[in-house]
Amino acid sequence: MENKIGIIYFSGTGNTKFVAQNIKIKLKELGEESDLINIEDDVIEPNNYKCIIIGGPVYIDRYPEILIEYIKNNLNNYKNKCMLFTTQASQKDSTAYQHFINEFPNLNITYCMYVAMPNNVYNFFFKKTSDYEQNMMINESLDIIEKGLSDFLHNKINLYPRKKITVSMINLVYKMVYPKYIGFINKKMSIDKDKCINCKLCEKSCPVKCIKVDHNLSYSRDCLFCQRCINICPQNAFLYKSKELDQYKLNMKSIKNT
């Protein structure tokens, strides 16, 4: 077994990727070697790592199915300690941790860390994070990462436990509401054909290959609503209710030196 730490992550619009990259930077400062493992591109060899950090966004208080499936296929028998982290617009911890722990009782999860990040779904609900708030949150995230990693490496426990009934109820809401909500939004999505250059970048970059742009825009039921297609479009050609969308771009101009 190598003396390295694995950082497994899924990122839709870039928030989780940003945190994962800064976890790697901070680990290096702490004298720890690590590997970034993007679940869309990389297959992990668990026995190469002395411990593993797992992260993703929160969709209705749950990690995305794509991340859960990856862990199920690649990490179910891993015995060394693990850390979970989430990126989310909320300033509160999430039941996503307890749901994950319930899904993988064999994993030795000892620490959970939530990192509040700018809201990236403001085109559809909630308020857009101002530039000032965004800079504050991004800089605060670096302090959260530093403390969380220090605690985890020094074997501190932080799990945010939830009652089974609470997790079950939220899981039921997720399964019943989330797919319908995504379908409701996607039916109102379209493409500005005057802008679209048919580059197919949206199709190629979709993590679950659920989008099709031909004469019309269509999504399959596998859509995660990660919004990568919307934000990666070089022409900003996606429309919602026939109106142009405001693409989400993580503003890192005021990040303090690390």
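The GNM of the chain, with springs linking C-alpha atoms under 10 angstrom apart, assigns the highest mean-square fluctuation among LYS72, LYS163, LYS17 to LYS163. Name the residues of segment 69-86 whose amide N is less than 15 Å from a point 7 angstrom out from the Cα of PHE126 along the C-beta direction? Label zone hits: 86. With both residues required to sit in the chain, DSSP beta bridges show an antiparallel share near 25%. Only protein heavy atoms count here; under a 1.4 Å probe, LYS156 has an accessible surface of about 110 Å². As a quick test, which of the pairs LYS127/LYS241; LYS50/LYS92; LYS187/LYS243; LYS175/LYS204; LYS195/LYS243 have an alpha carbon distance above 21 angstrom in this structure? Table pairs above 21 Å Cα-Cα are LYS50/LYS92; LYS175/LYS204. Only protein atoms count toward the accessible area here, which uses a 1.4 Å probe; on segment 1-159, the carbon and sulfur part of that area reaches 46 percent. The chain gives an Rg/Rh value of 0.97, both radii derived from C-alpha positions and Rh following Kirkwood. For segment 64-141, chymotrypsin sites (Phe, Trp or Tyr not before Pro) are listed when DSSP marks them as loop and at most 11 other Cβ atoms sit within 10 Å of their Cβ; the list is PHE125.
Taking LYS81 as the anchor, which aspartates and glutamates have their alpha carbon closer than 19 Å to its alpha carbon, excluding any fewer than eight residues away along the same chain? In chain and number order, the partners are GLU2, GLU32, GLU33, ASP35, GLU45, GLU103, GLU146, ASP151. For LYS81, the accessible surface of its heavy atoms amounts to roughly 40 Å² (probe 1.4 Å, protein chains only, rounded to the nearest 10). With axes computed from alpha carbons, what is the tilt in degrees of helix 164-187 against the longest principal axis of the chain, rounded to the nearest 10 within 0 to 90? Roughly 30 degrees, rounded to the nearest 10. Could you compute the net charge surrounding MET169? Neighbours are other residues with a C-beta less than 14 Å from the C-beta of MET169; K and R count +1, D and E count -1. Summing Lys/Arg as +1 and Asp/Glu as -1 gives +4.
Accessible area per residue for the chain is 52 Å², calculated with a 1.4 Å probe on protein heavy atoms, without ligands, DNA or RNA.
Inter-part distance, segment 149-198 to segment 52-121, computed on C-alpha centroids, equals 11 Å.
Taking every C-alpha pair closer than 8 Å and separated by at least 6 residues, the mean separation divided by the residue count of segment 113-258 gives a relative contact order of 25 percent.
The values are calculated or read from the model by the stated rules, or taken from the named source; none is laboratory data. Here the structure is a predicted model, which means the values were calculated and not measured. No Cβ is skipped: glycine too gets one built from the backbone with ideal geometry, and neighbour counts run over all protein chains shown. When the accessible area is computed, the model is the full protein with side chains, heavy atoms only, and any ligands, DNA or RNA have been set aside. Shrake-Rupley method; radii C 1.70, N 1.55, O 1.52, S 1.80 Å.
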